[in-house]
There are 2 protein chains.
Amino acid sequence: MKLLTDRILREGKALSDSVLKVDGFLNHQVDPDLMNQVGLDFYEHFKNHGITRVLTIESSGIAPAVYTAQALKVPMVILKKQTSKILTGQVFQTNITSFTKGTSYELTLSRDYINKDDRVLIIDDFLANGEAATGAARLVQMAGATVAGIGILIEKSFQSGRARLDEAGFDVYSQARISRLGKGIIEFL
Amino acid sequence: MKLLTDRILREGKALSDSVLKVDGFLNHQVDPDLMNQVGLDFYEHFKNHGITRVLTIESSGIAPAVYTAQALKVPMVILKKQTSKILTGQVFQTNITSFTKGTSYELTLSRDYINKDDRVLIIDDFLANGEAATGAARLVQMAGATVAGIGILIEKSFQSGRARLDEAGFDVYSQARISRLGKGIIEFL
């Protein structure tokens, strides 16, 4: 998506061969118009997939996901990051380890907001090793629902996440695919 | 705001004299159209306040705040909840204690995304004791900027937050003001 790749080139900060900071328009400060366009672009790609719900992971996925859900005329569901396991039958939970951040958390989804007939679009800001996205997909499958697509704003294609999701048979659409990062270097596929 | 109070009456769950769950359209599952309307309503109220930035606190404030920011044609900034103090000069931080949840965290704002000329609108989902809103206001003031308004979706008017913000001289607009909660009881001012 040219609007996004242009913005990444203009304002993104490549800090190393794996870290890209986009705090100016996505992760800390957010450009609402860009998020709206991002949502419309996801809508264009997934509009014929029979999506009934958009799922995202708190908190950087929320802004792009809410515009995507609005365009698709379906609810958005925010997957919560809990530090500890909830011991009730009311929720689905799965453990996520973030290699980039060296942290671990329980991704949580209430049973009230997903059912087996749902066709779910998962939206997230970054795809690196695919831990968060595959965790979100596990929750959808625990509910007996279908992952109808995965939409990513920024894919670090040189890391393993995209290959993992492709191998698992998911329909993945990434708006910006980065082939190489380095101090001050950002290259796209 | 009638659209919001109607929705609270229809789908909100009053669990006790202080707890209202609105997980079906705001805190876990989110209704994008309602968030858009909420944003337009905040825009109507604050459009002549010279707002230059919308600030919100992750993660339930993000969806309503991004529509508010879009309508006002300004960026949104997400205040992050950090578990530990960051010891660099790059950020403003202030400690927040949530009495309702019995937790404490450092609310964090990068110096890059606020400056002393900013007129800031703070948006949050709930106002109870006012800890989060006054903390966000402290961060704005630490940056030398101005709190031009505080917009709240659901105010629990029987708790101390609204009085605290009024006494501090802030311009507060709450879309739904709840005077009384009880098991199965929701009353508005």
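Some points to look at:
- Simple label model, 7 Å out from Cα along Cβ direction - B:SER179 to A:ARG180, nm: 6.8 nm
- Taking B:GLY24, B:GLY135, B:GLY161 as the candidate residues, the one with maximal mean-square fluctuation in a Gaussian network model of chain B, Cα springs under 10 Å, is B:GLY24.
- In a simple Cβ point-charge model (Lys, Arg +1; Asp, Glu -1; nothing else charged), the protein assembly as shown has a dipole of about 480 debye relative to its Cα centre.
- Ascending list, in nanometres, of distances separating the B:GLY184 label from those of the other copies (7 Å, Cα toward Cβ): 6.9
- Helical contribution to [θ] at 222 nm, DSSP H n ≥ 4, -39,500 (n - 2.57), averaged over chain A, rounded to 500: -9000 deg cm²/dmol
- Efficiency of FRET from Cβ geometry, A:ASN27 and B:LYS85, R₀ 30 Å, rounded to 0.05: 0.90
- Cα→Cβ-extended label distance, 7 Å offset, between A:ASN115 and A:ASP171, nm: 2.3 nm
- Reach of B:LYS101 by Cα under 12 Å, taken over aspartates and glutamates that are not fewer than 8 positions away in the same chain: B:GLU131
- Residue among B:GLN82, B:SER160, B:PHE42 farthest towards the positive dipole end of region B:35-177, charges placed on Cβ: B:GLN82
- Plainly put, the tip 7 Å out from Cα toward Cβ on A:VAL19 is 3.9 nm from that tip on each other copy, the closest given first.
- Label zone (B:LYS101, point 7 Å along Cα-to-C-beta; backbone nitrogen cut-off 17 Å) within region A:69-94: A:78-87.
- Placing a label point 7 Å from the Cα of A:VAL19 along the Cα-to-Cβ line, the residues of region A:86-120 whose backbone N sits under 13 Å from it are A:100-102.
- Rotationally averaged projected area of the protein assembly as shown (alpha carbon convex hull; nm²): 17.8 nm²
- Modelled FRET efficiency - R0 51 Å, A:GLU187 with B:HIS49, Cβ distances, 0.05 increments: 0.75
Every read-out reported here was derived from the displayed coordinates using simple, explicitly stated rules and does not represent laboratory data. Note that the structure is a prediction, hence the values are computed from the model and not measured. All Cβ positions, glycine included, derive from the backbone under ideal geometry; neighbour counts span all protein chains shown.
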